[in-house]
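Please treat every number below as a calculation from the coordinates, not as lab data. Here the structure is a predicted model, which is why all the values come from computation and not from measurement. Quick reminder, even Gly has a Cβ in these numbers, built from the backbone with ideal geometry, and neighbours come from all protein chains shown.
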Amino acid sequence: MTEPVTSPPAKSPAQAAASAAAASFAALEAQLDYLTPAEIDLVRQAYRFADEAHLGQLRKNGDPYITHPIAVAQQCTEWKLDAQALCAALMHDVLEDCGVSKADMAERFGPQITELVDGLTKLDKLEFHSREQNQAESFRKMLLAMARDVRVILIKLADRTHNMRTMGDMPRSKWERISRETLDVYAPIAHRLGLNNNYRELQDLAFKHLHPWRYRALSKALEKSRSRRKDLIARVQAEVENAFLRHGMEVRIVGREKTLYSVYRKMDLKHLSFAQVTDIYGFRIILPELLDCYRALGILHQLYKPLPGKFRDYIAIPKMNGYQSLHTTLVGPFGTNIEFQLRTHTMDVVAESGVAAHWLYKASDPNSRASQDLNTQWLQSLLDIQQETHDAAEFWDHVKIDLFPDSVYVFTPKSRIMALPRGATAVDFAYAIHSDVGNRAIGAKINGEQAPLRSELNNGDVVEIITSPHARPNPSWLGFVKTGRARSKIRHHLKTLAEEESVALGERLLRQALRAEGIAALPADDEAHQPVWDKLLRFTGNRSRRELMTDIGLGRRIASMVSKKLAALLSEIGQKPDLLLISQERFGAAAEDRPSQGVVTLDGSEGTSVQYAACCHPIPGDGIIGYLGKGEGLVVHTEDCPHGRKLLHRDAERFIEVEWAEEPTRLFESAVVVTVNNGKGVLAKVAAALASAEADITHIHMGDEPAQAATDLRFVLAVRDRVHLAQVLRQLKRTPSVIRAQRVRPTRPGN
């Protein structure tokens, strides 16, 4: 959108006539020959509607505002977009700037055109905490609208292209922000969708307004280089044309020049001077059939020597945005490197127009299905990410990962090609296949060999994911996955899992607290007890029973306070407390410092709703206490932990009594420090002693100071219980070179 003004600069008669011509429907009508008369009439109605809505509005240069929507629609006609899209392009600022309601537009133009226009409307009327959040929310709306209907982003890109072309009329203070946004967001989206012409133009226009001096200097250098190399380019073109004529091949040869921005980027990234950038010029060769591309490649390689490592076959393995071509760099006359791109006409249309190629084909051949599936996988993944990510900034972070993919191509065991961003891991591959495969992954085979899930994938790898029905996503995966899809799926699963576990813990805590009030069980979630639950939820401020249980499990609500209110509500409907049960629960094992809520039994299967404090590393056999932290679930400390005791004295009502189950289901971590006489192989001896005692090493730290004669090795070990830990320590003490081995005890806070 471009802001209208009311005080235009003075114009000459010729300029005024040009403005009037640009504002008329005739400027657009000449390009609508691919539409039916009825469709042209619909576009004309949209033009009149937009013209009336923008009446009296002027652009910064004094032109009638309607010239901007017409220019946007003209860009859309180059892609042969349908009549609905052209109507939306003409009216894309009407809802935002002119006070026209969606209902009015829907009544006149129908729901589809109205939804397209609404998808293009910015979120000016909503309140946001920051400009960044506003932008993130705008981009989320744009991308989701695009996922539902790709015409939205095509119109948006046409809008941004025209605004960048006329940026000179905007206040200079806005140049940097709009240009940076174009480089960071709109150009990558154009590239991701295969809109190569728009991508190149947006980059150059943004570069021009972001770094005007550098743009002018490079532009002059390129102009000089063009005139100096004119004879060389003409010679290469003539030699290539003659080579193809000798072999009786019909080809179309088009010269290609790097954009100023891509030259600048190469100079900046590789610290080169302009003279050192050797691949500014190249040729595109358009051929009739796919096999002709490979024949032409052979002819070129006979004519000039290929540069090793500079051949890419994007026909056999297309890029993620559908791009197909053969790329080869040859050493031409005078040792000049020249890149050639070989492709068919169909590939050329897709390479330049990307997703818009669908409408180009539709206009020329209504039955053609070519290019219809371009980017549908990525567009669908936007909707998948949105379902699991309701925060706009987080959504935008996920999408940005996928907007800058330097692709790597790998294969499934059944030879299906998968395109992933550079640096993608086996976990990214698993989620690219299916979310269930990712959630159940426990390992991977890369080229037939066992490999960790965090292994980075390389071009040509054959990847097989090993799954288990009992596996779950690991939170540590978030530290190395590269795709937005994998990241959002992992986060969603962990959030869902944490909520389920919090609900179960909340029910358990409330049930035990209710027993202390003399009620043996929670009231049923049925029609008879619905009034009781409704009153309790009004008391706690929760929307549902599930939400209440989650809050109790996460420590946002105190189970004993909720149980007192619930007991009172139950007594109102005649359910009296059991005095014997009260006596058993409250006084059966009374102790001075005993927390007021019921006992929770721990066996290690509780999941993320129960955390074992890292300050003291409690293990079965230790005396333990449980702290119900706000929003973090139940945190278990040892009884003698200074941190836990401090919390108990400060916030006793948040503590509940916990005890170990008779048979824990897993190993627990304990910290151990081993003092050794430093020498060759001492760490191997200690590790062997731990292995013989059946203790797993989960972490080891040797300190940052230089090695001394006596050195402390700090381990975090996985053991069964205190008895097992005692056996481990005895085994360590019997090991040669070990001076001392002991369990690490937490120090007092502040020490």
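Points to keep in mind about this one:
- Each residue of segment 292-303 was assigned a 3J(HN,Hα) from its phi angle through the Karplus curve 6.51 cos²θ - 1.76 cosθ + 1.60 (θ = phi - 60°); the sequence is 4, 4, 6, 5, 5, 4, x, 4, 5, 5, 7, 6 Hz, with glycine and proline shown as x.
- Burial ordering of SER435, SER273, SER325, fewest other beta-carbon atoms within 10 Å first: SER273, SER435, SER325
- Placed amide H near ILE315: partners under 5 Å, 5+ positions off or other chain: SER325
- Close amide H pairs (under 5 Å, H built 1.01 Å from N) link TRP660 with LEU602, residues at least 5 positions away or on another chain.
- Segment 187-271 - convex hull of alpha carbons, volume per residue in Å³: 131
- For the residue pairs LYS258/LYS482; LYS224/LYS482; LYS258/LYS305, the alpha carbons lie more than 32 Å apart in LYS224/LYS482.
- Extension gain, LEU269 back to LYS174 (0.36 nm per residue minus Cα-Cα distance, nm): 31.5 nm
- Spin-label model, ASP651 to ALA568: label points 7 Å out along the Cα-to-beta-carbon direction sit 2.5 nm apart.
- Neighbour counts of other Cβ atoms within 10 Å put MET164, MET418 in the fewest-to-most order MET418, MET164.
- GluC sites (Glu not before Pro) restricted to DSSP loop in segment 149-258 with at most 14 other C-beta within 10 Å: GLU250
- Cα-only radius of gyration and Dmax that characterise segment 668-743, units Å: 11.5, 35
- Isotropically averaged projected area of segment 218-364, using the convex hull of Cα atoms (one quarter of hull area), nm²: 10.0
- Ranking ILE233, PRO288, LEU222 by Cα position along the charge dipole of segment 218-364, where only Lys, Arg, Asp and Glu carry charges on their C-beta atoms, puts LEU222 farthest toward the positive end.
- Taking all C-alpha pairs of segment 408-477, those more than 13 Å from each other amount to 58 percent.
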